[in-house]
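Asker: Got a structure for you, written out below as structure tokens; questions coming shortly.
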Amino acid sequence: CQWLPVVVNTWPFTNATQAAWDTIIMKKGTSVDAVEAGCTECEVQQCDGTVGWGGDPDENGETTLDAMIMDGITHDVGAVGALRRVKTAISVARAVMERTTHTLLVGDQATEFAAQMGFHTGDIHSNKSIEIYKQWRLNNCQPNYWKNVLPDPKTSCGPYKPSPFHVNHKRQLSEDLYKGIGDQNHDTIGMVVIDGNGNMACGTSTNGLNHKIPGRVGDSPIPGAGSYVDNDVGGAAATGDGGVMMRFLPSYHAVMMMKMGASPGEATADALKNIIRLYPDFVGAVLAVNKNGAHGAACHGIPKFPYSIRSLQYDEVTVIEVPC
Ligand code: SD4
């Protein structure tokens, strides 16, 4: 198609788009190389504090990372969840893909794997993450992601105990989540690339949610949830409330809709429709590009969703805003 190659990613993370584009054009890299380079750029720059080291500490004050990478030709996937003490999450995910027959490694063992593969391990706090954590402790540790539990009566913080009272099966909305996701505070890089040979790859990288419960893994490293790609169809990536999104595999849904003939815009809208029906207060977005380079996105719960693109159609990295 006349517009190929194409790089698209969530949010106005334009340096990431440029890094991926340069990898294809200047370094003659593959789509997998480009996704790794683009997501790495965000990890290094800590894109808005929501990607990479030193952002969004958990309830213990620790930043942990989720990432995945997927090859559209082979459907090979590598992913890490709740990765501790390593900054280079997308590259570790790629090592999982290329050096193991597994798909997803988590927690301390993912860190051990990274160390074996030669990645640097060490402290990944920042002054900012320490400050966010301190403020949260000072504000009575607002237990954003618990339900039907009681805090320690002395501290009003954890450890939480199961509440003996009524059990509410409805998801409680978290103020913090809504502050964390929006056009002023971008989250999670999700990227889809079509390289010069028409081959596709996708990936994600994130540090998840502020004050998440330690051990929490979001949608980002889950194939079909955080992102998904099929060389013969197209790819998609998601951002938003991952606890909800992973129940619906919106990236897989969008790619399957494109396979059945939907445009990227229609496919992403359909993927979100399923979620919104059950979770009307859900906040998130899905971005998709088909194998010909047509692109589109849908979003919910925020005024608009910006995504970044570079292709032959756009002679510089361009931010497109979709109204929600
Ligand atoms: C997560 N989906 O960990 C990520 C966060 C995100 O916009 O994308 N926020 O749930």
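The values are calculated or read from the model by the stated rules, or taken from the named source; none is laboratory data. Note that this is a predicted model, so its numbers are computed, not measured. These area figures cover heavy atoms from the full protein model, side chains too; ligands, DNA and RNA do not enter into them. Shrake-Rupley method; radii C 1.70, N 1.55, O 1.52, S 1.80 Å.
Asker: At a probe size of 1.4 Å, how large is the accessible area of TRP53, to the nearest 10 Å²?
Answerer: Taking all protein chains as shown, TRP53 has close to 60 Å².
Asker: While we're on this one: Please give the calculated 222 nm ellipticity per residue for the chain, where each DSSP H segment of at least 4 residues contributes -39500 (n - 2.57) and the sum is spread over every residue; nearest 500 deg cm²/dmol?
Answerer: -9000 deg cm²/dmol
Asker: Indicate the gyration tensor shape class of the stretch 212-324 (rounded, prolate or oblate), computed on the Cα atoms with a ≥ b ≥ c the square roots of the eigenvalues: a/c under 1.5 is rounded; otherwise a/b larger than b/c is prolate and the rest oblate.
Answerer: Numbers: a/c = 1.59, a/b = 1.42, b/c = 1.12.
Cα axes put the stretch 212-324 in the prolate bin.
Asker: Could you sort ASP281, ASP71 by accessible area so the largest value comes first, with the probe set to 1.4 Å? Each step should come with its number before you reach the end.
Answerer: Numbers: ASP281 80, ASP71 30 Å².
Ranked list, largest accessible area first: ASP281, ASP71.
Asker: Give the lysines whose C-alpha is closer than 29 Å to that of LYS134, dropping any in the same chain fewer than 8 places away, or say none.
Answerer: LYS87, LYS147, LYS154, LYS161, LYS179, LYS212
Asker: Using θ = phi - 60° and the Karplus curve 6.51 cos²θ - 1.76 cosθ + 1.60, what whole-Hz ³J(HN,Hα) does each residue of the stretch 275-286 get, with Gly and Pro shown as x?
Answerer: These are the phi-based 3J(HN,Hα) values: 6, 5, 4, 9, 10, x, 9, 4, 10, x, 8, 10 Hz.
Asker: For a quick check: with amide H placed at 1.01 Å from N, whose amide H comes under 5 Å from CYS157's, ignoring anything fewer than 5 positions away on the same chain?
Answerer: Placed amide hydrogens put ASP152 under 5 Å from CYS157.
Asker: Pick from LYS154, LYS304, LYS259 the residue whose mean-square fluctuation is largest in a GNM of the chain, springs joining Cα atoms under 10 Å.
Answerer: LYS154
Asker: Per residue, how much accessible surface does the chain expose to a 1.4 Å probe? Answer in Å², no decimals.
Answerer: Result: 43 Å² per residue.
Asker: Rounded, prolate or oblate: which fits the chain, taking a ≥ b ≥ c as square roots of the Cα gyration tensor eigenvalues, rounded meaning a/c under 1.5, else prolate when a/b beats b/c?
Answerer: Values: a/c = 1.87, a/b = 1.42, b/c = 1.32.
Prolate, because a/c is 1.5 or more and a/b exceeds b/c.
Asker: Return the lysines within reach of LYS291: Cα separation strictly under 28 angstrom, same-chain partners fewer than 8 residues apart disregarded; answer none if there are no such residues.
Answerer: Answer for LYS291, where 28 Å is the Cα cut-off: LYS27, LYS28, LYS259, LYS273, LYS304, listed by chain and number.
Asker: Let me ask you something else. Non-local amide H neighbours of GLY224 (under 5 Å, H modeled in plane, Pro and chain starts lacking H): which ones?
Answerer: Long-range HN contacts for GLY224: TYR252.
Asker: Might you work out the accessible area of HIS75 for me, using a 1.4 Å probe with all protein chains in place, and round it to the nearest 10 Å²?
Answerer: Here the residue's solvent-accessible area equals roughly 70 Å².
Asker: For the stretch 205-212, what does the Karplus curve 6.51 cos²θ - 1.76 cosθ + 1.60, with θ = phi - 60°, yield as ³J(HN,Hα) per residue in whole Hz, taken in order and with x for Gly and Pro?
Answerer: In residue order, the calculated couplings are 7, 7, 9, x, 10, 3, 6, 4 Hz.
Asker: Apply the a/c threshold of 1.5 to the C-alpha gyration tensor of the stretch 65-144 and tell me whether it is rounded, prolate or oblate.
Answerer: Here the stretch 65-144 falls in the prolate category.
Asker: I need the phi-derived Karplus couplings for the stretch 144-161: 6.51 cos²θ - 1.76 cosθ + 1.60, θ = phi - 60°, integer Hz, Gly and Pro marked x.
Answerer: 4, 10, 9, 9, 6, 10, 10, x, 4, x, 6, 9, 6, 10, x, x, 8, 10
Asker: Going by accessible area, probe 1.4 Å, with all protein chains left in place, what is the ranking of ASP270, ASP195, largest first?
Answerer: If we order ASP270, ASP195 from most to least accessible, we get ASP270, ASP195.
Asker: How much of the DSSP beta bridge set in the stretch 1-124 is antiparallel, as a percent to the nearest 5?
Answerer: 60 percent
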